[in-house]
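Engineer: Have a look at the structure that comes next, please.
The values are calculated or read from the model by the stated rules, or taken from the named source; none is laboratory data. Everything numeric in this text was worked out from a predicted model, so none of it was measured. Please note: Cβ atoms are built from the backbone with ideal geometry, for glycine as well, and neighbour counts cover all protein chains shown.
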Amino acid sequence: MDEIVRLLGLCLRAGKLVYGDDAVAAAVAAGDARLLVLAADAGANISRRAARHTETAGVPVLRIAQDAAQLGWAIGRRATAICCITDIGLAASAAAKAAAQDAQYAALAQQLEQKKARIQSRRGVKKPRRKSAGGQPAGDVKPSTHTKRGGERA
């Protein structure tokens, strides 16, 4: 599970990790959460809230072997019992790492991989950006009528 904790640090640096009970609840409510990560010593209230998030929003939960102090240390914060990954690719990677270490997470890894494939297929190809001719901005913007010395051009 150390690989998962290292991946959580990467998620934080990428801006794809939300930590803390209230922030996680807000991310789940906004539909941004892809995977909830619970510490081994998460309290009953936080575990119950995570189960509720799973029921209402369908966000899967991954319980890691590290305690809240180790999880918080890994992401550079104080003790944190719950966090969530908001990127589907990173969430699928975390689930795959968990499935490699523990067979009970194999179905979760497969589910997130299928979800990742669906999201990737919906993303269209970006249209090329049109550049305007002559280095001028697009539209009817006129060049400045003032000279360097403050006078006007004729």
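Engineer: Of all residues in the range 100-140 being at pLDDT below 65 and hydrophobic (A, V, I, L, M, F, W, C), which is surrounded by the fewest Cβ atoms within 10 Å (Cβ to Cβ)?
Structural biologist: Among those that are at pLDDT below 65 and hydrophobic (A, V, I, L, M, F, W, C), it is VAL125.
Engineer: Okay, next question. Kindly establish whether PRO143 is at pLDDT below 65, loosely packed, with under 10 Cβ neighbours inside 10 Å and not in a helix (DSSP H, G or I).
Structural biologist: Values: at pLDDT below 65: yes; loosely packed, with under 10 Cβ neighbours inside 10 Å: yes; not in a helix (DSSP H, G or I): yes.
So PRO143 passes the test.
Engineer: Of the residues ARG52, ARG34, ARG63, ARG48, only one is more than 16 Å from GLU3 (Cβ to Cβ) and in contact with a strand residue (DSSP E or B) (Cβ under 6 Å, 6 or more places away or on another chain); which? Before you say what the answer is, go through the steps one by one.
Structural biologist: On the way: ARG52 fails: in contact with a strand residue (DSSP E or B) (Cβ under 6 Å, 6 or more places away or on another chain); ARG63 fails: more than 16 Å from GLU3 (Cβ to Cβ); ARG48 fails: in contact with a strand residue (DSSP E or B) (Cβ under 6 Å, 6 or more places away or on another chain).
The unique qualifying residue is ARG34.
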